[in-house]
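Here's the structure, in C-alpha cells; my notes come after.
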Amino acid sequence: MEREKEIAKLVNVLRRTARMALQSEWTGGSQDVAGFCIDQYNRVLARLKEIDPGVAAVFDPLAPGSSLTVAAMACRQLAAYYEDECGHSGGSGDWKGVWGDPRYGVWVDKRAFKEFWSKSAREVEDLGEFIRESIDDWVNQRKSRGKREEGSERTTTPIDPEETKPQ
C-alpha cells in the first residue's frame, strides 16, 4: 500500500506542476519558473524510475532549456501513465450534497462536497485548461467579427418602446 500512496502523491505533484507551468506561460512567466518545473518533473521521474523501473522505457528526463509548454505536457503525460493505478481517471456527476431553500439560502454537506471534489476535481481542472487553451481562438474570432461589423450597415429594425409596454 505504501507504493500506491507514494505514486499517488507524485502524480499529484505532476498535475500541479503542469497546471503551474501552463498558468505561468499564459501569464508570461519567467525562465526561473520553467527551470523549476523542469527540475520538478525530472526529480519526480527519477523517483518513479526507482519505484517502477518500467517507466524508464517510456519517459526521458527533460532538457534544461525546455519550455513551460513542454514541461506541462511532460508532466501531464507522466501523470496519465499512472491514472488507472491512482484512480483519478474521472468523476461522477451525481453529487447530491446541496440543498436550496430561497428562505434560508443554500446549504452544502461538507462530506458530500469533499467526496465530489475528490472524484471530479480532474474534470474541473480539464475544463479550466480547455478554457485557457481556447481563449486565443475566441479572442481572434471576436476581433475579426468586430472588424466585419464596423464596415457593414445595421440591418435590424429598431424597436418601438411604445409597442413593448405591458398592457
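The values are calculated or read from the model by the stated rules, or taken from the named source; none is laboratory data. The structure displayed is predicted, hence computed values, not measured ones. Every residue, glycine among them, receives a Cβ derived from its backbone with ideal geometry; neighbour counts consider all protein chains shown.
Assorted remarks:
- Residue check, Lys143 at pLDDT below 75 and more than 30 Å from Lys9 (Cβ to Cβ): no
- Residue within the range 69-88 that is in a loop (DSSP other than H, G, I, E, B) and either modelled with pLDDT under 70 or farther than 30 Å from Lys5 by Cβ (or both) present: yes
- Residues of the range 16-59 that turn out to be within 17 Å of Glu85 (Cα to Cα) and crowded, with 19+ Cβ neighbours inside 10 Å, as a count: 3
- Some residue of the range 112-130 being hydrophobic (A, V, I, L, M, F, W, C) and at pLDDT 75 or above: no
- The set of residues in the range 24-54 that are farther than 13 Å from Met73 by Cα, under 19 Å from the mean Cα position of the chain (by Cα), part of a helix (DSSP H, G or I) and of a type outside the set (Phe, Trp, Tyr) comprises Ser24, Val33, Gln40.
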